[in-house]
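Please read the structure below before turning to the comments.
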């Protein structure tokens with residue numbers, strides 16, 4: 001089974017307001033294993049980036065000026081995604097932008113959902129953890145996925161983190177961040193092991209015990 005964990009960054013919140021995709025990051029899974037066959041594009045949106053969006057992802061108009069426009073990357077992106085199951089956190093947001101971008105081309109692509117089934121990992125998280133925070137950062141903390149490099153949002157980094165979270169959250173094998181080793185522990189096993197380590201009570205030696213130990217060590221040396 002081929003799955004693509006996908007994330008985008010955009011100039012703003014709504015394609016209906018003319019906002020555009022500026023970054024796409026994709027992580028490929030084959031039979032629930034990360035393959036390393038990833039895809040990543042920065043894209044010139046041909047418009048300004050909203051200040052609020054720039055504060056989230058840190059990408060600037062100046063940085064994107066020499067990057068390809070969406071029309072230039074549409075075919076390789078479509079070829080890469082076509083037929084795969086897409087795993088996306090808050091899928092309606094990214095799917096809405098992808099459909100908008102492909103529609104602007106007035107080509108043969110159609111809606112991405114006509115070619116790819118979509119799994120919304122946010123909906124899975126809400127069912128599995130009702131009443132809790134289910135952002136990507138919250139899920140990384142819950143499943144002990146290291147996200148210390150995530151100071152700002154980034155499509156490829158977020159897709160990589162989501163791939164690990166998704167595999168753990170859905171109870172299967174997860175290949176870790178270096179994409180070279182497979183972790184065979186389930187999410188529940190990992191969580192249990194971590195909690196056991198966290199809950200261990202640390203008993204420190206008293207001053208009297210330390211002094212007695214020092215005296216004992218003197219006799220050993222002699």
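Values quoted throughout were computed directly from the atomic coordinates according to the rules given, and no laboratory measurement underlies them. It should be emphasised that the depicted structure is a prediction, and the values quoted were computed from it without experimental measurement. Cβ coordinates were reconstructed from backbone atoms using ideal geometry, including for glycine residues, and neighbour counts include every protein chain displayed.
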Here the averaged projected area of region 16-79, based on the convex hull of its alpha-carbon atoms and given in nm², is 5.7 nm²
For residue 32 and residue 150, extending 7 Å from Cα along the Cα-Cβ vector and measuring point to point gives, in nm, a value of 2.2 nm
Counting only backbone N atoms under 18 Å from a point 7 Å out along Cα-to-Cβ of residue 60, the residues of region 138-168 in range are 152-154
So the pair-distance distribution of region 124-166, from every Cα-Cα distance in 10 Å bins, comes to percents of 29, 56, 16
For 161-171, 91-101, 69-79, 26-36, ranked highest to lowest by mean beta-carbon neighbours within 10 Å, the order is 161-171, 91-101, 26-36, 69-79
If the chain between residue 67 and residue 103 were fully extended at 0.36 nm per residue, the gain over the current Cα-Cα distance would be 10.9 nm
Shape descriptors of region 1-160 over alpha-carbon atoms, Rg and Dmax in angstrom, are 15.4, 44
